[in-house]
Amino acid sequence: MSNLASLLRQGEFVVTAELNPPKSASGEVVKRRAAVLKGSVDAVNVTDSNRSVAAMAAIPAALLVREAGVEPIVQITGRDRNRIALQADLLGAAALGLSNFLFMSGDDPKHGNHPDAVYVKDLDGIGLVKMAVTMRDEHKFLSGDEIRQAPEYFIGATASPFAKPMSADLEKTVEKVTSGADFLQTQPVFDLATFSQWLAELRRVGGGREAAVLAGVLVLRSVEQAERFGRVPGVALGQEIVDRLRKAADAEQEGLAMAVEMVKSLRALPGVRGVHLYAIEWPEAVALVAERAGLLPRPKVKESKP
């Protein structure tokens, strides 16, 4: 069982963050980025060519992250590979001892640096979760063929509580959970009232099965960044956030303060099992938020009694 899974089962409030592999073959870059996060998080998402921009593959980068002493969560998108390649990657990753996976559809290549690339999308986020569960729990490929030694892993999925209409995301999220997702990471939360409503609706229509919800917290660094994210679909970043940053004497410190406030509010919200910190090109901010929000030191996995 992974460290992340064990902490959640112990009832701990977990902390995750993101690490983008480099657009190069430098393993040292990956290890340096992981070292910045070590001790401040329980696990780190290793992204799969984030925003459809080609970068080092997530699985080998995750091994480098693990070598640096940080537990990885391997992001797997359906954007670039069909189900044959996806199942092959999962078997190989599990054989290498990688335990945590986060499945998502992935951004359209038209928005990345290879706009002419084929958008494979053989499986969407729901289909990917079902694939992983079928392989792990039923010991079968999607073809129905048997897997003699099935992979073992902790299955994550994404959620967009601020999508409009809310019912559209709820339907997809519930299907991911009922299909077997163990945890959910959400888009950044800025509107607590709407997020609370989404949590309540998720419990109401969830069919009895629950997944650990890790609420997204974006650490803003500038007015320009806030304005840019305010235009991203599914991110409910209001004008009051932009105005607060604009009025601040130091935008970075104000962004940190807002993130700390949000972490504390989310921690007090029933149904939230942890936070996922987004700090775009600013990994040092993760440690600062974790410290100022009282999340350090991170808890250890308790030894099970014989």
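Ranked by Cβ crowding within 10 angstrom, fewest neighbours first, how are V223, V74 ordered? It would help to have the intermediate numbers written out before the result.
Numbers: V223 19, V74 26.
Fewest-to-most Cβ neighbours within 10 Å comes out as V223, V74.
Taking 0.36 nm per residue of sequence separation and subtracting the Cα-Cα distance, how much length would be gained by fully extending the chain between L192 and A249, in nm to one decimal?
Numbers: separation 57, 0.36 × 57 = 20.52 nm, distance 2.55 nm.
Full extension of this stretch gives 18.0 nm more.
Evaluate the distance, in nm, between pseudo-label points positioned 7 Å from the Cα of L296 and of I84 along their respective Cα→Cβ axes.
Calculated label separation equals 4.9 nm.
Between E18, E171, E152, find the one with the highest GNM mean-square fluctuation for the chain; connect C-alpha pairs within less than 10 Å.
E171
Can you sort L220, L63, L7 from fewest to most other Cβ atoms within 10 Å of each residue's own Cβ? All intermediate terms of the calculation are to be shown ahead of the outcome.
Numbers: L220 28, L63 19, L7 24.
Fewest-to-most ranking of L220, L63, L7: L63, L7, L220.
In nm, what is the difference between 0.36 nm times the number of residues separating E175 and A117 and their Cα-Cα distance? Intermediate results must be reported in sequence, preceding the final value.
Values: separation 58, 0.36 × 58 = 20.88 nm, distance 2.93 nm.
Roughly 18.0 nm would be gained on extension.
Could you check the spin-label model distance between L91 and D137? Points 7 Å from the Cα along Cα→Cβ, value in nm.
Roughly 2.2 nm, to one decimal.
According to a simple spin-label model (label point 7 Å from Cα along Cα-to-Cβ), what is the distance in nm between Q10 and A268?
Computed distance between label sites A268 and Q10 equals 2.6 nm.
For E71, which sequence-distant residues (separation of 5 or more, or a different chain) have an amide H within less than 5 Å of its own amide H, given hydrogens modelled in the peptide plane?
Long-range HN contacts for E71: V44.
To the nearest 20 debye, what is the magnitude of the charge dipole of the chain about its Cα centre, counting +1 on the Cβ of each Lys and Arg and -1 on the Cβ of each Asp and Glu? Provide the component values of the computation, followed by the final result.
Working: 37 positive and 38 negative charges, 83 e Å.
In debye, rounded to 20, the chain gives about 400.
Along the principal axes of its C-alpha atoms, what lengths does region 1-110 span, in descending order and rounded to whole Å?
Per principal axis, max minus min of the Cα coordinates gives 39, 28, 25 Å.
In Å, what Kirkwood hydrodynamic radius results for region 158-221 from the alpha-carbon pair distances? Intermediate values should be presented prior to the final figure.
Values: mean 1/r = 0.0845 Å⁻¹.
By the Kirkwood definition, the hydrodynamic radius is 11.8 Å.
Sum up the lysine pairs in region 3-292 that clear both bars: alpha-carbon distance under 19 Å and a spacing of 8 or more or different chains.
Here the count comes out as 12.
Among V275, V174, V232, V14, which comes first, second and so on when ranked by fewest other beta-carbon atoms within 10 Å? Let's see the in-between values first.
On the way: V275 30, V174 19, V232 11, V14 23.
Placing the least packed residue first, the sequence is V232, V174, V14, V275.
Bear in mind these aren't lab numbers, they're just calculated from the coordinates by the rules spelled out. The shown structure was predicted, so the numbers you read here are calculated from the model rather than taken from an experiment. Note: ideal-geometry Cβ built from the backbone for every residue, glycine included; neighbour counts use all protein chains shown.
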